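Working notes, structure below.
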Amino acid sequence: MGAASVHNLLFVCMGNICRSPLAANLFRHKIKTRGIADRFHVESAGTGAWHVGEPPDPRVLQNAARHGVPMTDLARQVNREDFDRFDLLLCMDNANRDHLLRMGAPQSKARLLLEFDPKSTVREVPDPYYGGDDGFETVYRLVDAACDALLEQLVNGRE
């Protein structure tokens, strides 16, 4: 992509109420803070349809608010048109990546978010839905570092 190109990013998890909306809104917050929001189009979606139209999980909202990250999205389900609309399909775990690949997503676009963070010791963002509040903070820290690394790669033309 050239310097004038818009990067179209879709963050993907299972239900689109925990990990992927946090990642999308955190990434938006970072690009807005840096004054480069016009260089990106960012959305999130889930592989399942259980929560379509719902806001993020209240625990995600609380965690994001503690970190000063505004949350604005309602859940939606990923669809095949997304494979053409987005440059990267940033999956939170292998199960969601495999789901997208079975739907026909190009392997080159369906990537794990944490693979962009060379310092990460894990490759999957754990699903905090059935756990306690500490799981949401763990997810925040992993996603925050990966979004920083992804942003640097995209801004510096390495992706």
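The values are calculated or read from the model by the stated rules, or taken from the named source; none is laboratory data. These figures come from a predicted structure and were not determined experimentally. Neighbour counts are summed over all protein chains in view; Cβ atoms, including those assigned to glycine, are modelled from backbone coordinates with ideal geometry.
In the stretch 78-104, which residues are surrounded by fewer than 23 Cβ atoms within 10 Å (Cβ to Cβ), aliphatic (A, V, I, L, M) and not in a helix (DSSP H, G or I)? Once the filter is applied, which keeps residues that are surrounded by fewer than 23 Cβ atoms within 10 Å (Cβ to Cβ), aliphatic (A, V, I, L, M) and not in a helix (DSSP H, G or I), the stretch 78-104 yields only 88. Could you please find all residues in the stretch 67-101 being of a type in the set (S, T, N, Q) and modelled with pLDDT under 95? The one that is of a type in the set (S, T, N, Q) and modelled with pLDDT under 95: 72. The residue list 35, 53 contains one member that is on the phi > 0 side of the Ramachandran plot and in contact with a Leu (Cβ under 9 Å, 6 or more places away or on another chain), which is 53.
A count restricted to the stretch 63-77 and to residues that are surrounded by 12 or more Cβ atoms within 10 Å (Cβ to Cβ) and either more than 15 Å from the chain's Cα centre (by Cα) or aromatic (Phe, Trp, Tyr) (or both) stands at 2. For the stretch 95-114, which residues satisfy the criterion of being of a type outside the set (A, V, I, L, M) and either over 15 Å from the mean Cα position of the chain (by Cα) or closer than 12 Å to residue 13 by Cβ (or both)? If the condition is that a residue be of a type outside the set (A, V, I, L, M) and either over 15 Å from the mean Cα position of the chain (by Cα) or closer than 12 Å to residue 13 by Cβ (or both), then 96, 97, 98, 99, 102, 104, 106, 107, 108 are the ones that fit.
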